Structure formats: structure tokens, C-alpha cells
Amino acid sequence: MSNITGNEIIHQYLRHNKKFPHVLCAGCGHGIVLGTLIRSIHALGIPKDDVVVVAGIGCSGRLAVYVDFNTVHTTHGRALSFATGIKMSNPKLHVIALMGDGDALSIGGNHLIHAARRNIGVTAMILNNNIYGMTGGQSSPATPEGATTMTNPYGQLDHSFDTVELAKGAGANYVARGTVFHVNRLEKIMMEALERPGFSLVEAITPCHTQFGRKNKYKSPVDMYKWLKSTAIPVERFNELPADKRVDRMPIGVFVDRGKPGYEELYYARQERFLAQAAKGGK
Amino acid sequence: MPRPKKRTEIFALGNEAVVEGALLAGCTFFGGYPITPSSEIMEIMAARLPHMENGVFMQMEDEIASMGAVIGASLTGRKAMTATSGPGFSLMQENLGYAVMAETPMVLVNVMRGGPSTGLPTSPAQGDVQQARWGTHGDHPIIVLSASNVQECLDMTITAFNMAEKYRTPVILLLDEVTSHTREKIELPNEGEYEVFSRTVPSMPPEWYKPYEETVRGVPPMPPIGSGYRFHVTGLTHDRNGFPTQRPEEVVELMERIHRKIDQFFYDIQLVEEIMTDDCDVCVIAYGSVARSAELAVRQARSNGVKAGLLKLMTLFPYPRRQTEKILARAKTLVVPEMNMGQMSREVKRVNMGHAAVRTINRVDGQIVTPSEILKVIMQG
Ligand SMILES: Cc1ncc(C[n+]2csc(CCOP(=O)(O)OP(=O)(O)O)c2C)c(N)n1
Ligand code: SF4
């Protein structure tokens, strides 16, 4: 685990000219996710210049403004396509895509599936707050059934997406889930994800009290963190539970760790073979 | 004196010439999604790029992703492009706006097909002229080029890359199916015979660099991502440092600069070819394959004793206003033939402001505009 302190983070990794105070609400989990990311990068010793944070649109998307890396704030849902172009063009870069649940699973769903299928060497981080935060609390594909939202005043009828199952099915190399309550575990997962080749996906469950909690019986942000604490359970333990006990629990931990080489690696290896053949072939 | 090396002649499809032009201009990244009549561009890129040092070809999941990947590639310092047709062009508009706002060079080739919607898949049309100008949301400048024969497909692709790099902006090359699918003999220029322009990279130390700073040309230098200049890129309206802003003076500064950097270089950007316009009474204004029919019609009119001329537009936007105004000083009639309901004639009428009679010829049946159709209108005077 990284042992960089708050002050060191501020001085080394945050952009202090004009970028603060930040836009996040009190109690928002997004800042915790960003802290995790910074500490993981620091612990792995990745130089700032080698990191590219590509963000989508939403409260989560705004995080890119605050960190002193190469940062690209893209269009809604499209972070992974920009990230793909960057990684393929310069495979030495550590490309991290920060996305919201609406961003990644709804409008960006197609890009998510195909980035996973292609196994492009990008670390995707989905900040799942079960809601569209920035636009004022409309339903997202991760909104639980029955929850109340601005666009589902009578309760969500749609089934909600399981990000982990989706990414697994699409072929992602590394898939994990954590919560902002279990910070140390999230940090460990994040470090693993950054080190793995190919497409790795981390789903971070992060509370949005402003848009989700208040309308769904969580009186304060603290209630939301208590909910994370009581709901999340390590996947190993989850698997041992009888079916009826699993209903309200959410497994966290690592779900897939396949270790396949990334797409860019395969592409450039083939290109090298072509170039070597051409060089041998005369001229 | 050393004899200049003989140029290589090849027999090529318009779409093939686009690829040749792109590679000569230094393109090393192609991201796309197949659609006729543009598919050959993608297919040939798929075969060629993996054999070139650092050449990257990506078949993306759709046109939105293609644009995203191309912009990402460009941010790392590469010359990148995509190619599409009608419906794909519509999908690209979102990220096209992003490329304008983030000032990311790239080339987008749109081989037009009949529309709206899936329309006439592989029939010639010129229905995307105003979409190219105004398809993405917001007030924005844009450079749109065209080509009327296969050699021009090659030449204008090189020009498109050069303008994209020079002005840090996406450039659209609008082709029509006739040009793209015509096969004719073209010459490949020898190295050194054509200009290759690459974006200016910053010379100042990273601490001094402001990614969206005002410069003499209005075009800030652009370092590759990961080269030590850490900055923020966004589609939001941003200040000189690249960070989002809503302060009116900063918003206006950005908007004015991105317009000015294109507008003030009209002499470099607005390309036309004039054929017998010096003394013309009737001037045809045409672009794309229609300009070929128009040239024949103009020559026939001359042999019939009518002083006809042709203003062939190679740049569609910013509309070549100066060159049109010059012709308006003498021509009594302007004839604008197009394979649409009148998308470029709007621009001509705007510049004309009642000086001359403007006659339009519009075909939307998926057929080409013939020389005799144009000749008939010229002869009416
Ligand atoms: C193409 C497009 N459609 C819609 C929007 C409006 N929009 C902005 S943020 C957002 C949702 C954000 O929700 P989520 O991705 O869950 O992130 P959060 O704000 O909750 O972190 C939407 C729909 C947009 N910016 N672009
Ligand atoms: S609206 Fe929700 S997600 Fe957005 S900053 Fe506030 S708490 Fe966080």
C-alpha cells in the first residue's frame, strides 16, 4: 500500500492553479476514487508524464481537471475510443479511462464492450454511483430496480446492468470491483489493474448522496457509507453464501485475471515481423 | 544538371489515390468503420499501414469510436485520418466538434452518397455540403475541400493534411462517388516535389507552455501527449491553459481566435481553378465530378461562340468569396450545377447579392449532371 500523505499528494499530483475549490458535493465518493488512483500511480512509481487520464462526461469526468497528468476530457461515453487511439499510437503510455456508470454503460456501452473484446491495454475505471449525477439524478443502467429517480418517479422497472458480468462476458483481461468505503482494498485492486496487460476494468462503487441517496432513504452521506459497509462482501465469501443470502449483498474483489497480452502488443509484434520480412526480402 | 526523376504513373481509383496522398503526407493512423462508397480507402489502409514503420490501422466499432480514436492518435503527435460516407458522417459530427474545439488536426474523408438516411448507398450525390459546414453543433469554422478527378484526390488529400497541421483543425475532404470510383492514370509526385507540413511543436520549456495561447497566426504550438508537456484537453470552452471557463472575456477570446486562425488565411485556404473566366459572360461554378461535366460544357459553349467560363471550387468552405466577386464584375449569369437541391448555390447567392442572374441545375436522382444539361443552361445566357 502506498504511504504518500495528503499534503504530498496535493503538492505532487494536484493542479493548484485556479482549479480549486473542486465541483464535487460534500460526501461524494468520487474524490476518494481519485485519491486511490493517485496513490496507486505513486506506489507503482509511474512517472507523471507517462500517465494519460482520459475522462468521459459527468461528475466523474470532471476529475481529470484536478490531476497533474496528461488529461483528456472527452465527449460523453467516448473516453474509451480516445483512449484506444492514444494507446495504439504510443503503447508506452499508461492510459487510464475514468468514466461514470451512465457514461460507460449507457451511451458508451458499445465502446466498453469492444474495448474489452479487443483487449486494448487501457485501465478503465467506472465510478458507479447508480445514477446520472451531473445532469440531476436521472436513471442510469446501474440504477437498482425499484429505486426512485428523476426519470423514474414511480420506481425503476428496467433491470440494472452488472458491470462485472458485462466486462467478463465481453472478454476483459482483468475485472475487479471495489468500494470507496473499502479504500485499501480498492487501492490494491487499482494497482493490480494498472500493472496488468490488456484491458483491465475496475468498478468503484461510490455514493452520490445528492442525487441518489436523498431520494432513496439514505438520510445523510454517512448512511450511504454504512450501506456500502454492510452490503459489500469479498467475492470468495459471497460464493459460499446460499442463494437466498446473496440477494442484498454485493461481491467485491477480483473476478477475472486472465493475463492475455494487450492488443497493441500483438499488433506491433506482427508489424515487426512484417518489417523484418521486408528487410530480408532484399532492396 | 541532374535530370528530375521521372514520376511514377499508376492507374488508380479515386479512393486509392486518397490513400496514396495520405501516406505521402505522413499519415500513420487510420481508424474507421466500413461504408460504401468509401470502403476502399479503409481496405487499402488495412493492407498498407501494418507494413509501415509505426503505421496503425484500427477497425473501430462505429464511426463515433473512429473519430475518438483518430483524435486520440492525433493528440500523441500522429497524422491521423478516417473515411466514411453519408450516415457515418452524421455519426462523426459529435467528435468532429470536439476536434474543432480542442484544435486537433485530422483529416475526415466523406465520399458522399444519396440521402437522407441510408438513402442511395452507392449512387453519386453531393448532399452533404451544408452538413460538412454546419453538421456539428455550435458556431465553428471548418475547412472543407473537394476533388473532381483522381489526380486531385491525391493532391487534395495532401493539402488536407497540410491545412489540418498548419491550422490545428479537422479538415473535411468531400468527394462524390463518381470521383471515388473512377479509375484513371495519375502521377505520384517524387519526394520533395510537394509540401509536407507538420504542426508546430513548442520550443519553450514545459513550465512556460500554454496549450491555447494566442499567437501571431492564432495557432498555438502542439506537443505530443507524453512528451513532458502536461496539459488538459477538453471539449468544454476553455481558457489559455486549457481549463474549462465560463468567463465571458475568455469565452469570446477562444471563439474569436479559432475563427480568426482560419478566416485570415483565406489566400492560403481558398483554392479554386479558373478556366476561361477572364472574359466570361456566363460563369459556371461547380465542384467535384460535376466540375468535369462543367468544363466540357464550357468548352463546347466557347466553340458555339458563347463566352463561358468555369470557376472550379477546390475549397468549399470557407467559401471562396474573393474569387467569386472578381467574376461578378463581368459575368451576367452564374450557373451552379450540383447533385443536390441547391446547397452550394446558397453560398453563391449569398455572395452574389443580386449582381448576376443565378441559374441552378439540381439532380437528386442518383445520376450525374451531364455536360449537355449544363450546356443547355449556358446557351440560355
Ligand atoms: C451526447 C450527450 N448526451 C447527454 C449529455 C448530458 N450528460 C452530461 S453528464 C451526463 C450523465 C452523467 O452521469 P454518469 O455518467 O453516471 O456520471 P456521474 O455524473 O454520475 O459521475 C449526461 C447524460 C452529454 N453531455 N452529451
Ligand atoms: S452530484 Fe453526486 S456524483 Fe456529482 S458531485 Fe454531487 S455527490 Fe458526487
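The values are calculated or read from the model by the stated rules, or taken from the named source; none is laboratory data. Just so it is clear, the model here is predicted, and its values are computed rather than measured. In this analysis, Cβ positions are derived from the backbone assuming ideal geometry, glycine residues included, and neighbour counts consider all displayed protein chains. In case anyone asks, the SASA skips ligands and DNA or RNA and just uses the protein heavy atoms, side chains included. Shrake-Rupley method; radii C 1.70, N 1.55, O 1.52, S 1.80 Å.
Numerical summary
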read-out: Strands (runs of 3 or more DSSP E) wholly inside segment B:1-118 that include at least 1 residues being open to solvent by 10 Å² or more (accessible area, probe 1.4 Å); value: B:8-13, B:27-32, B:56-59, B:79-84
read-out: Residue tally, condition outside any helix (DSSP H, G or I), acidic (Asp, Glu) and out of contact with any strand residue (DSSP E or B) (no Cβ under 8 Å at 6 or more places or on another chain), over segment A:256-273; value: 0
read-out: Test: residue in segment A:57-74 that is of a type in the set (Ser, Thr, Tyr), more than 16 Å from ligand 2 (Cβ to nearest atom) and modelled with pLDDT under 95; value: no
read-out: Qualifying residue in segment B:344-352 (condition: modelled with pLDDT under 95 and surrounded by fewer than 19 Cβ atoms within 10 Å (Cβ to Cβ)); value: no
read-out: Segment B:130-155, subset in a helix (DSSP H, G or I) and open to solvent by 10 Å² or more (accessible area, probe 1.4 Å), residue farthest from B:Glu94 (Cα to Cα); value: B:Gln151
read-out: Conditions (1) under 16 Å from B:Ala125 (Cα atoms); (2) part of a loop (DSSP other than H, G, I, E, B); number of the one not met by B:Pro337; value: (2)
read-out: Residue tally, condition assigned to a loop (DSSP other than H, G, I, E, B) and buried (at least 24 other Cβ atoms within 10 Å of the Cβ), over segment B:268-292; value: 3
read-out: Odd one out for B:Thr182, checked against (1) more than 30 Å from B:Gly114 (Cβ to Cβ); (2) of a type outside the set (D, E, K, R); (3) in contact (Cβ under 8 Å) with a residue 24 or more places away in the chain; value: (1)
read-out: Only listed residue being away from chain B (no Cβ under 14 Å) and within 16 Å of ligand 2 (Cβ to nearest atom), chosen from A:Ala193, A:Ala167, A:Ala147; value: A:Ala147
read-out: Every pair of residues 6+ apart whose Cβ atoms lie under 8 Å, when the first sits in segment A:1-24 and is touching a residue at least 60 places away in the same chain (Cβ under 8 Å) while the second is of a type in the set (Phe, Trp, Tyr); value: none
read-out: Positions within segment A:243-283 being open to solvent by 70 Å² or more (accessible area, probe 1.4 Å) and away from chain B (no Cβ under 14 Å), in sequence order; value: A:Ala243, A:Asp244, A:Lys245, A:Arg246, A:Val247, A:Asp248, A:Arg249, A:Asp257, A:Arg258, A:Lys260
read-out: Hey, B:Glu40 within 26 Å of B:Gly119 (Cα to Cα), away from chain A (no Cβ under 11 Å), in contact with a helix residue (DSSP H, G or I) (Cβ under 7 Å, 6 or more places away or on another chain) and of a type in the set (Asp, Glu) or not; value: yes
read-out: Pairs with Cβ under 8 Å, 6+ apart, first in segment B:208-233 and facing another protein chain (nearest Cβ under 10 Å) and open to solvent by 50 Å² or more (accessible area, probe 1.4 Å), second aromatic (Phe, Trp, Tyr) and in a loop (DSSP other than H, G, I, E, B); value: B:Arg230/A:Phe69
read-out: Output for segment B:75-100, where each listed residue is small (Gly, Ala, Ser) and over 24 Å from B:Val196 (Cβ atoms); value: B:Ser85, B:Gly86, B:Gly88, B:Ser90, B:Gly97
read-out: Which listed residue is part of a helix (DSSP H, G or I), without any contact (Cβ under 8 Å) to a residue 12 or more places away in the chain and away from chain A (no Cβ under 14 Å), from B:Glu325, B:Glu295, B:Glu256; value: B:Glu256
read-out: Failed item, numbered, when A:Gly77 is tested on (1) at the interface with another protein chain (Cβ under 9 Å from one of its Cβ atoms); (2) at negative phi; value: (2)
read-out: Residue match in segment A:117-132 (condition: within 16 Å of ligand 2 (Cβ to nearest atom) and hydroxyl-bearing (Ser, Thr, Tyr)); value: yes
read-out: Residue within segment B:223-245 that is part of a helix (DSSP H, G or I), under 29 Å from B:Thr159 (Cα atoms) and among the aliphatic types (A, V, I, L, M) present; value: no
read-out: Segment A:80-93, residues that are under 13 Å from A:His111 (Cα atoms) and at the interface with chain B (Cβ under 7 Å from one of its Cβ atoms); value: A:Ser81, A:Phe82, A:Ala83, A:Thr84, A:Gly85
